[in-house]
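The values are calculated or read from the model by the stated rules, or taken from the named source; none is laboratory data. Not measured: the values here are computed from a predicted model. All Cβ positions, even for glycine, are placed from backbone atoms using ideal geometry, and neighbour counts span all protein chains on display. Ligands, DNA and RNA are excluded from the accessible area calculation, which covers all protein heavy atoms including side chains. Shrake-Rupley method; radii C 1.70, N 1.55, O 1.52, S 1.80 Å.
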Amino acid sequence: MRDIFLALDVSSSGMYAQRIRFNTIASNIANFESYTATGEPYSRLEPVFEAVENPENLSKGTIPVRVVEIRRSNEPFRLIFDPTHPRADGEGFVRLPNVELVKEMVDMISAMRSYEANLNAFKTTRDMVQRVFELWR
């Protein structure tokens, strides 16, 4: 019975991680053209995941995931040439946030599908537990 709860834990940790990923993607899309108060372009956020490994989990093949941090991307900012823009540098280039909408949308679809897969695994495990309890009656 303990294995079933471990399976539920793995699925719920996956759903939590994908929810965090989805929220960071939404933040990136919302700040697509934003600048900080100091005038720096918005830097894309990226969640960092880590497997929670311990000997018991490894032997059973069930490894939950956790969110370690949400960090700023080190990708370079986008540059456009527009000498008339108020944020243009001495050479006429404007630094724009390093957020690419198409990439964010693909990541959002991937996060949604991963969340749905974890949710389906959770529901299937829950249904199995309910059937076991019905048999015990």
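Please work out the average accessible area per residue across the chain, using the 1.4 Å probe convention, and give it in Å².
I get 66 Å² per residue for this part.
Using the per-residue mean of other Cβ atoms lying within 10 Å as a proxy for protection, in what order, highest first, do the peptides 80-90, 35-45 fall? Before the final figure, lay out the partial values.
Numbers: 80-90: 10.4, 35-45: 13.8.
Going by the mean number of other Cβ atoms within 10 Å, highest first, we get 35-45, 80-90.
Calculated from DSSP H runs of 4 or more alone, at -39500 (n - 2.57) each and per residue, what is the 222 nm mean residue ellipticity of the chain, nearest 500?
On the way: 3 runs with 71 residues, N = 137.
Rounded to the nearest 500, it is -18000 deg cm²/dmol.
Could you state the angle between the C-alpha long axis of helix 2-30 and the longest principal axis of the C-alpha atoms of the chain, as a value from 0 to 90 degrees rounded to the nearest 10?
Approximately 20 degrees, to the nearest ten.
May I ask you to compute the full-extension gain from F93 to R131, defined as 0.36 nm times their residue separation minus their alpha-carbon distance, rounded to one decimal in nm?
Answer, rounded to one decimal: 7.2 nm.
Magnitude of the Cβ-charge dipole of the chain, K/R +1 and D/E -1, about the Cα centre, nearest 20 debye?
So the magnitude is around 540 debye.
Expressed as an acute angle from 0 to 90° and rounded to the nearest 10, what is the orientation of the C-alpha long axis of helix 101-136 relative to the principal long axis of the chain?
That works out to roughly 10 degrees.
What is the range 2-95 by shape, rounded, prolate or oblate, if you read a ≥ b ≥ c off the alpha carbon gyration tensor as root eigenvalues and call it rounded for a/c under 1.5, prolate for a/b larger than b/c, and oblate otherwise?
Values: a/c = 5.30, a/b = 3.59, b/c = 1.48.
Cα axes put the range 2-95 in the prolate bin.
If you build the convex hull over the alpha carbons only and average its shadow over all orientations, what do you get for the range 49-137? Give it in nm² to one decimal.
The directionally averaged projection comes out at 9.9 nm².
Of S43, N98, A121, whose Cα points farthest to the positive end of the dipole of the chain (charges on the beta-carbon: +1 Lys, Arg; -1 Asp, Glu; origin at the Cα centre)?
Final value for the positive-end residue is A121.
Of all the accessible heavy-atom surface of the chain, with the other protein chains kept in place and a 1.4 Å probe, what percent is carbon and sulfur?
Ligands and nucleic acids excluded, carbon and sulfur give 57 percent.
In the range 69-109, whose amide N lies under 11 Å from the spot 7 Å out along Cα-to-Cβ of F32? List them in ranges.
Answer for this model: 99-105.
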